[in-house]
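Written below as structure tokens is the structure these notes are about.
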Ligand code: 13P
Ligand code: SF4
């Protein structure tokens, strides 16, 4: 990396760390409401009714509240990783998509389905990787390296995607980079340095990395993981590639959320130590009720850890915020919407048109290589 790149990234990291800190403080100051079973039942009924009434499908990520995941499945929507969510949103015939996840997922859905209305329980649900890759600086970084193919992780804004040649998710990143490497291309990668580093080491590709990280996965610690392995010698370790390289080096399987779920079903072990957001435990346990899943240790415990393996932005997708979004959708009418909803995703047509190309390239690559939804991807 050139000296000016290091300087630029160093300055930006300080600003981004502050931005992430402010976001986390804001979240921590919000009251956490515990709902009784009766209230949960009432919310679920009203949400199912509203989804039906509004011709809307709920698409939720594995990290969201189990109640949302169940609602998505019960209502004919979808629960999946970020690649599968994008595909389902594009292919389903509902006029509205309700995206339970973080903002980049809502934006990808809107870019791929410009004629569908896309709403989210809250537009405040962002991602530390998205925050840490502002378009102006990212553009300068790309301009400084015009000889490189720009590959960005899906966890970025629509504007950053619009500047890229390829968008990838964690389930398909290795295959796409390998493909580019075979074509002799040098890569500029953003924004997650751990995933970028993992792909670089695995493929041997020439990759220049942007320097940011996921605040949830960065907290997993190799030392604690080794201690835990000593306690559970028969357990397999499953890790998301956003985790630090020392953690990935100890893992038995490194993969996207779907790949982690697949491994938990296909491996012979009965115990698994899992280094990713704890929201995934709902699906893991549902699919393998007789197996034991243990969360990998993070940097701190309880009040001393920053995320405690739980993404604060994914956690903003609650039953009350989901119902509120659907109520405002119902109030605005289900035909061609005249009123813009407070939590509706909009992407300006120029940016969306440009971002569509690298996103579509990823989906076409997945289709051409026949990466199955429940298989490799
Ligand atoms: P997946 O693509 O594996 O679903 O990951 C998305 C994400 O945000 C992980 O932190
Ligand atoms: Fe972003 Fe990390 Fe949350 Fe995933 S878990 S949405 S990468 S902050």
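Checked against (1) in a loop (DSSP other than H, G, I, E, B); (2) farther than 23 Å from residue 362 by Cα; (3) touching a residue at least 40 places away in the same chain (Cβ under 8 Å); (4) more than 13 Å from ligand 1 (Cβ to nearest atom), residue 125 meets all criteria but (4).
All of 89, 76 fail the test of being buried (at least 24 other Cβ atoms within 10 Å of the Cβ) and outside the structural domain of residue 353 (by TED's automatic domain parsing), apart from 89. Name every residue in region 142-161 that is in a loop (DSSP other than H, G, I, E, B) and either surrounded by fewer than 19 Cβ atoms within 10 Å (Cβ to Cβ) or touching a residue at least 60 places away in the same chain (Cβ under 8 Å) (or both), in order of residue number. Once the filter is applied, which keeps residues that are in a loop (DSSP other than H, G, I, E, B) and either surrounded by fewer than 19 Cβ atoms within 10 Å (Cβ to Cβ) or touching a residue at least 60 places away in the same chain (Cβ under 8 Å) (or both), region 142-161 yields 144, 145, 146, 147, 148, 154, 155. State yes or no: is residue 271 under 18 Å from the mean Cα position of the chain (by Cα), at pLDDT 95 or above and surrounded by fewer than 24 Cβ atoms within 10 Å (Cβ to Cβ)? No: the conditions fail for residue 271.
Determine if region 81-91 includes at least one residue that is under 15 Å from residue 286 (Cα atoms) and within 11 Å of ligand 1 (Cβ to nearest atom).
First, the residues of region 81-91 that are under 15 Å from residue 286 (Cα atoms): none.
Scanning region 81-91 turns up no residue that is under 15 Å from residue 286 (Cα atoms) and within 11 Å of ligand 1 (Cβ to nearest atom).
Determine which member of the set 235, 164 is crowded, with 24+ Cβ neighbours inside 10 Å and touching a strand residue (DSSP E or B) at 6+ places or on another chain (Cβ under 8 Å).
Values: 235 fails: crowded, with 24+ Cβ neighbours inside 10 Å.
So the residue among 235, 164 that is crowded, with 24+ Cβ neighbours inside 10 Å and touching a strand residue (DSSP E or B) at 6+ places or on another chain (Cβ under 8 Å) is 164.
Candidates in region 183-229 are the residues that are outside any helix (DSSP H, G or I) and within 14 Å of ligand 1 (Cβ to nearest atom); of these, the one that is farthest from residue 296 (Cα to Cα) is 191. Scanning region 230-274 for residues being within 15 Å of residue 195 (Cβ to Cβ) and part of a loop (DSSP other than H, G, I, E, B) gives a total of 8.
The values are calculated or read from the model by the stated rules, or taken from the named source; none is laboratory data. Treat the numbers as computed from the prediction; the structure is a model and nothing was measured. Cβ coordinates were reconstructed from backbone atoms using ideal geometry, including for glycine residues, and neighbour counts include every protein chain displayed.
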